[in-house]
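Single-structure report; data block below.
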Amino acid sequence: MEHTEPDRDDIGAKLGMWVFIFTEILLFGGLFLVYAIMRHRYPEDFHLASRQLNTFIGALNTLVLLVSSMTVAMSISAVQKKDKRMATILLLITLLCAVIFLVNKYFEWGHKISLSLYPGSDLMMQLKHGYILFFSLYFFMTGLHLLHLIIGAIILGVALAKIRLGLINDQHYVLLENGGLYWHLVDLIWIFLFPLLYLIT
Amino acid sequence: MTEESYPIAHPSYLVDTGKRKGIKAWLTTCDHKRIALLYLWSIMVFFIIGAILGETMRTELFRPGQQFYGPQTYNAIFTLHGLIMIFLIVIPGLTVVFGNFVMPIMIGANDVAFPRLNLFSWYLYILGAAVVVVSQFAGSGPPDTGWTFYAPYSTQTHTNVIAAVSGAFILGFSSILTGINFIVTIHRLRTPKMTFFKMPLLPWAVYATAWIQVLATPIIGITLLMIIGERVFRIGFFDPALGGDPILYQHLFWIYSHPAVYIMILPAMGVITEIIPTFSQRRIFGYKAIAFSSLAIAGVGYFVWGHHMFTSGMSKEAIWVFSLLTFLVAVPSAIKVFNWVTTMYKGSIDLKPPMLYAMAFIFLFTIGGLTGLVQGALATDIQVHDTSFIVAHFHYIIFGGVGFAFLGGLHYWYPKMFGRLYNIRTANIAWGFLFTGFNLLYFPQFVIGLEGMPRRYFDYLPQFTLSQQISTVGGYLLGIGLIIMIVNLFRKSGEKAPDNPWGGKTLEWQLPSPPPEENFSTPPNVSDFPYDYD
Amino acid sequence: MTTEEKHITSYSLYARVLIILMVLTAITITAPSLNLTAFTILIALVIASTKAGIVLTYFMHLKIENTLLRIMVIMVLGIYGSVIILTFADYIYR
């Protein structure tokens with residue numbers, strides 16, 4: 001098998017994924033910069049506005065993402081140990097976590113929107129500046145994070161299918177590793193989003 | 001074409017060997033050399049459009065008052081001229097053409113690390129370009145913000161900003177993917193004996209460029225998304241009425257767009273560094289200094305963005321810091337100029353077209369660089385801000401620097417790319433027109449800029465008429481030079497090129513011209529130093 | 001072909017890492033109720049950075065990856081940190 005693929009370079013593929021992760025970090029970095037400056041300008045408003053967010057849902061989503069990060073990391077070990085069944089179970093748990101996160105987010109956003117707390121609403125335009133900016137940042141940051149979560153879940157879904165088909169196995173698992181790296185990135189960003197948005201009271 | 005003369009075992013990369021033929025083979029190719037040519041053709045087309053737009057602006061400015069189009073059209077045209085020239089030509093330009101064609105060969109690789117991703121980057125580039133073009137015709141009129149999309153105007157104007165911004169976003173994505181590809185290529189695919197310090201200097205420059213592409217472009221990506229959010233959802237980040245800060249937009253924009261200047265100029269410097277030792281037949285002077293100054297420019301260049309904002313209302317302390325950093329970044333650039341000139345000293349200089357372009361580059365880049373320091377100094381910047389002095393300065397860097405390096409590189413590697421020679425005399429004449437026309441066009445803009453001629457104005461006071469007319473004549477000479485050059489390069493009658501027409505030492509000159517589809521059947525031997533002329 | 005030799009990380013190490021991360025999350029949630037005012041944000045950021053460091057080191061395998069990658073991660077974070085500091089050089093003094 002190895003002799004037929006002279007161009008295979010797993011280390012290179014992983015290096016490529018890492019460099020892509022750097023770009024993602026700076027993509028969110030731009031938003032965190034805006035957040036830092038706006039918070040610096042309107043500390044009181046940010047303090048009060050963040051009370052509108054539900055810390056319980058935020059904490060729950062944090063735990064869900066941490067668990068899913070662990071199961072992805074474990075699934076790589078399982079593939080390396082040729083334990084296909086274990087790898088499948090671990091990845092299914094990860095995807096289940098992604099679904100729980102999405103459902104939580106649906107209710108959380110739905111609640112905010114039903115209160116007219118979204119950018120551009122009539123109520124929003126009458127609030128204090130810091131409130132407007134806080135909720136704009138809240139939706140922008142969690143929205144972009146959500147998009148990354150969905151992309152990550154799709155990559156891991158593909159990886160799961162390839163494990164079932166035997167295309168990812170103990171010799172070839174760089175796709176799963178890269179999918180895992182992307183998933184950890186999603187987790188990393190949430191690790192900062194959670195305290196900055198929910199816990200600044 | 002001379003492909004018939006090569007043995008069937010190693011047909012040139014220009015011959016279709018796969019199942020697909022003709023245009024289908026080109027549009028599905030993963031060969032880095034073909035992708036480089038795909039980029040070259042697209043860039044040539046856009047460059048001709050951008051140049052024609054520029055010439056119409058010069059014609060409009062031939063006399064004070066309105067000649068044949070009004071202010072709104074003028075605003076739309078300089079916006080489109082800027083968008084095309086910056087986002088479609090000079091930012092990707094040298095990286096995607098020479099980085100793709102020569103860099104893998106120079107490091108002894110058969111292709112880039114991710115060939116399919118490389119082709120995908122080209123498609124993204126074309127898609128982004130198409131969206132920018134559509135923004136001109138669809139919706140509520142062509143954007144009139146200038147290529148900088150400054151808020152709050154860009155969030156309020158009724159023209160079609162969203163499409164133009166989306167186009168720039170897609171182009172940025174293409175640029176990021178190319179950067180990732182090249183970083184991994186240079187780390188992983190160097191031929192076994194080639195350590196980093198045996199690598200030619202163009203790959204060094206491409207490597208430094210790729211890091212800026214990867215680390216700066218996402219910032220403009222998110223900023224452009226914010227502009228869209230601002231227009232669609234009124235998120236208010238840059239809208240003072242909602243508590244936002246327009247200066248924050250300028251920060252975010254220049255955090256990318258200043259490093260973008262180094263994305264343009266670093267590979268240009270890399271190309272010049274290849275041309276000068278070859279045509280001086282001399283070892284490059286200070287190899288390590290040039291390699292490290294590329295990294296230093298990339299590193300320090302990331303932190304000087306604030307010098308675009310001295311008059312925007314930034315704090316005095318920030319202005320002071322950014323001014324200092326700006327002066328610092330001039331040091332590694334000057335190191336390179338010193339090394340090029342020293343390499344030429346006592347060399348046997350051969351004034352072939354690539355060398356003429358390289359020498360023009362040094363001259364024009366030095367003028368552009370020194371006038372840049374005029375703007376980096378606080379007091380003088382207040383005087384020249386938003387005048388045609390700025391226009392002259394960045395054209396000296398971007399056209400005189402990047403553009404001339406691109407043309408120099410094109411004349412240098414043309415025999416390798418196509419296996420044919422061009423007419424050297426005609427190429428020299430074209431260079432003469434370009435060099436004269438360029439200086440006539442932009443030098444007067446320094447003078448009237450100091451006298452107070454604002455940039456981006458379609459009209460001017462009568463006292464500037466003479467200078468503006470010299471500029472316009474220079475613009476026409478430049479256009480004539482471009483036409484002569486393009487005709488000379490692309491008529492189908494050059495004689496067959498030898499493998500190493502200029503006596504170069506880097507690996508690409510050890511391959512046939514044009515190279516076979518598989519560059520090296522065995523990893524090539526590498527000498528201890530890439531420029532061993534002595 | 002180029003592949004690296006396999007490092008199989010044990011499940012139990014990952015489980016221990018998860019427990020530490022959860023403990024840190026619990027601390028960061030309860031910290032604001034201690035009313036440390038100005039230090040709250042600082043504590044939150046320190047804990048978040050610690051968690052990020054743990055995820056990078058163990059889940060993303062930086063511990064067993066080559067030095068080059070570690071240097072790159074440090075460089076990227078350094079550049080981003082400098083960008084924030086330089087931008088604040090404007091906002092703090094304005």
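The values are calculated or read from the model by the stated rules, or taken from the named source; none is laboratory data. Model, not experiment: these values are computed from the prediction. Counting neighbours? That spans all protein chains shown, and the Cβs are built from the backbone with ideal geometry, glycine included. Surface areas here come from the heavy atoms of the whole protein model, side chains and all, with no ligands, DNA or RNA. Shrake-Rupley method; radii C 1.70, N 1.55, O 1.52, S 1.80 Å.
Couple of notes before you dig in:
- Each peptide in B:53-64, B:455-466 receives the mean, over its residues, of other Cβ atoms within 10 Å, and ordering these scores from highest gives B:53-64, B:455-466.
- Summing charges over all other residues whose Cβ lies under 14 Å from the Cβ of residue B:20, with Lys and Arg as +1 and Asp and Glu as -1, gives +1.
- Whole-Å distance, taken between Cα centres, linking segment A:124-188 and segment C:57-74: 21
- If you take all other residues with their beta carbon under 14 Å from the beta carbon of residue B:281, and give Lys and Arg +1 and Asp and Glu -1, the sum is +1.
- What separates the Cα centres of segment A:48-64 and segment B:245-280 is a distance of 43 Å.
- Helix-only arithmetic for chain B: the sum of -39500 (n - 2.57) across DSSP H runs with n ≥ 4, divided by the residue total, places the mean residue ellipticity at 222 nm at -21000 deg cm²/dmol.
- Between chain C and chain B, the total buried accessible area stands at approximately 1500 Å², from heavy atoms with a 1.4 Å probe.
- Each peptide in B:396-405, B:199-208, B:300-309 gets a packing score, the mean of other Cβ atoms within 10 Å over its residues, and the list from highest to lowest is B:199-208, B:396-405, B:300-309.
- Charge-dipole axis of the protein assembly as shown as Lys and Arg at +1 and Asp and Glu at -1 on Cβ define it, positive-most pick from B:452, A:25, B:194: B:194
- Point-charge dipole on Cβ atoms (K/R +1, D/E -1) for segment B:1-134, about Cα centre, debye to 20: 240
- Helix-only [θ]222 nm of chain A, DSSP H runs n ≥ 4, -39500 (n - 2.57) each, per residue, nearest 500: -28500 deg cm²/dmol
- Put a plus charge on the Cβ of each Lys and Arg, a minus charge on the Cβ of each Asp and Glu, and nothing anywhere else: the dipole of the protein assembly as shown about its Cα centre is then about 680 debye.
- Exposure rank, largest accessible area first [B:292, B:435; 1.4 Å]: B:292, B:435
- Accessible area per residue for segment B:173-326, computed on protein heavy atoms with a 1.4 Å probe, is 24 Å².
- Largest to smallest accessible area among B:34, B:190 [probe 1.4 Å]: B:190, B:34
- Residue-averaged beta-carbon neighbours from other chains (10 angstrom radius) around B:237-248: 6
- Selection among B:110, B:307, B:72 by position relative to the dipole of the protein assembly as shown gives B:110 as farthest towards the positive end (Cβ unit charges, Cα centre).
- Prolate is the label for segment A:10-198, because a/c, from the alpha-carbon gyration tensor with a ≥ b ≥ c as root eigenvalues, is 1.5 or above and a/b exceeds b/c.
- For chain A, the solvent-accessible area of protein heavy atoms averages 37 Å² per residue (probe radius 1.4 Å; ligands and nucleic acids excluded).
- At least 30 Å² accessible surface lost relative to isolated chain, residues of segment B:182-212 (1.4 Å probe): B:184, B:187, B:188, B:211
- Accessible area buried between chains A and B, both sides summed, probe 1.4 Å, in Å² to nearest 100: 2600
- Computed over segment A:10-198: relative contact order in percent, which uses C-alpha pairs under 8 Å that are six or more apart: 34
- Charged side chains reduced to their Cβ positions (Lys and Arg at +1, Asp and Glu at -1) give chain B a dipole of some 860 debye around its Cα centre.
- Share of carbon and sulfur in the accessible area of chain A stands at 66%, probe radius 1.4 Å.
- Three-way shape call for segment B:1-148 based on the alpha-carbon gyration tensor, with the a/c threshold at 1.5: prolate
- Surrounding net charge for residue B:306, when Lys and Arg each add one and Asp and Glu each subtract one, Cβ distance under 13 Å: -1
- Given charges at Cβ of Lys, Arg, Asp, Glu: chain B dipole, positive-most of B:46, B:167, B:216: B:46
- Peptides B:91-102, B:148-159, A:25-36 ordered by packing proxy, namely the average of other Cβ atoms within 10 Å per residue, highest first: B:91-102, A:25-36, B:148-159.
- Exercise: per-residue mean of other protein chain Cβ atoms within 10 Å, C:60-68: 3
- Chain C and chain A together bury an accessible surface of about 4500 square angstrom, both sides counted, with a 1.4 Å probe and no ligands or nucleic acids included.
- What the phi angles of segment C:55-61 give under the Karplus curve with 6.51, -1.76 and 1.60, with θ = phi - 60°, is a coupling list of 4, 4, 6, 9, 5, 8, 6 Hz, glycine and proline written as x.
- Note on segment B:138-225: with neighbouring protein chains present and a 1.4 Å probe, carbon and sulfur make up 68 percent of its accessible heavy-atom surface.
- Counting only protein heavy atoms and a 1.4 Å probe, chain C has 53 square angstrom of accessible area per residue.
- Among the residues of B:141-151, the average count of other protein chain beta-carbon atoms within 10 Å of the residue beta-carbon is 0.
- Solvent-accessible surface ranking, highest first, for B:30, A:97 at 1.4 angstrom: B:30, A:97
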